[in-house]
Amino acid sequence: MTATLRSLAQRSTAAREAAEERCELCGRPIGREHRHILDLSDRELRCACRACALLFDSPAAGAGHLRLVPERRLRLDDFVLSDELWEGLRLPVDVAFLFDDSLAERVSAYYPSPMGPTESLLRLDHWIELAAANPVLETLAPDVEALLVNRVRGARRHWIVPIDECYALVGLIRTHWRGLTGGAEVWQQMERFYDELDRRSRPASTTTGGMVHG
């Protein structure tokens with residue numbers, strides 16, 4: 001990397017860090033923990049202060065293209081996804097997130113990669129089969145909630161998460177991936193991410209619309 005490119009990269013990083021400290025809607029200072037607004041026009045997340053988050057919590061706000069990302073996190077221990085159905089989804093890796101894309105008017109499937117989120121074509125009949133076996137999927141908020149699946153190295157872990165969690169996982173992989181196989185660090189970071197997600201999630205059933213187990 002040349003000195004010029006290094007300087008540009010450093011300035012870019014500083015600019016991102018500065019942007020993260022302020023609401024991207026009104027400019028107010030915000031803390032490390034804050035809500036996000038999804039802009040459907042470019043699928044970019046905007047950091048939001050508490051006041052802006054409360055404003056966009058109304059379905060009428062946002063002019064149809066700005067949506068508040070919810071905070072619901074559900075751990076689905078009884079999720080039904082056979083190996084045969086997973087193969088039918090034609091996802092080339094064992095980590096993916098799926099969500100109802102209102103602009104495309106279909107369910108979209110993406111997997112994180114060192115290059116960023118990559119779309120995989122999803123057959124409608126396979127999603128219908130998956131949703132029939134797991135009614136909780138009918139409760140997904142379009143665009144802003146996703147089904148996150150981790151089947152790496154024999155794992156069978158499933159969650160309903162805010163879409164910003166999926167973006168965070170993509171960013172983690174892009175940051176820590178090394179070489180052809182990723183290197184040990186990225187897999188350790190991913191495992192920490194999943195464990196933290198478990199900690200922040202409520203256990204729920206796939207057959208009762210996501211109601212918490214008693």
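Computed from the coordinates by the stated procedures, all read-outs in this text should not be read as laboratory data. Source: prediction; values computed, not measured. Please note: Cβ atoms are built from the backbone with ideal geometry, for glycine as well, and neighbour counts cover all protein chains shown.
Values as computed for the structure displayed
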{"read-out": "Amide hydrogen neighbours beyond the local backbone of Gly183, cut-off 5 Å, H modeled", "value": "Arg178"}
{"read-out": "Gained length - Thr175 relative to Ala60, 0.36 nm times residue gap less alpha-carbon distance", "value": "37.7 nm"}
{"read-out": "Burial ranking of peptide ranges 196-202, 85-91 (average Cβ count within 10 Å, highest at the top)", "value": "85-91, 196-202"}
{"read-out": "Protection proxy ranking of 117-130, 153-166 - average other beta-carbon atoms within 10 Å, highest first", "value": "153-166, 117-130"}
{"read-out": "Largest-first principal axis extents of the Cα set of the range 74-204 (Å)", "value": "38, 30, 28"}
{"read-out": "Virtual paramagnetic centre 7 Å along Cα→Cβ of Arg43, amide N under 18 Å, in the range 75-93", "value": "90-93"}
{"read-out": "Computed lengthening from Asp195 to Ile128, 0.36 nm per intervening residue step minus Cα-Cα distance", "value": "21.2 nm"}
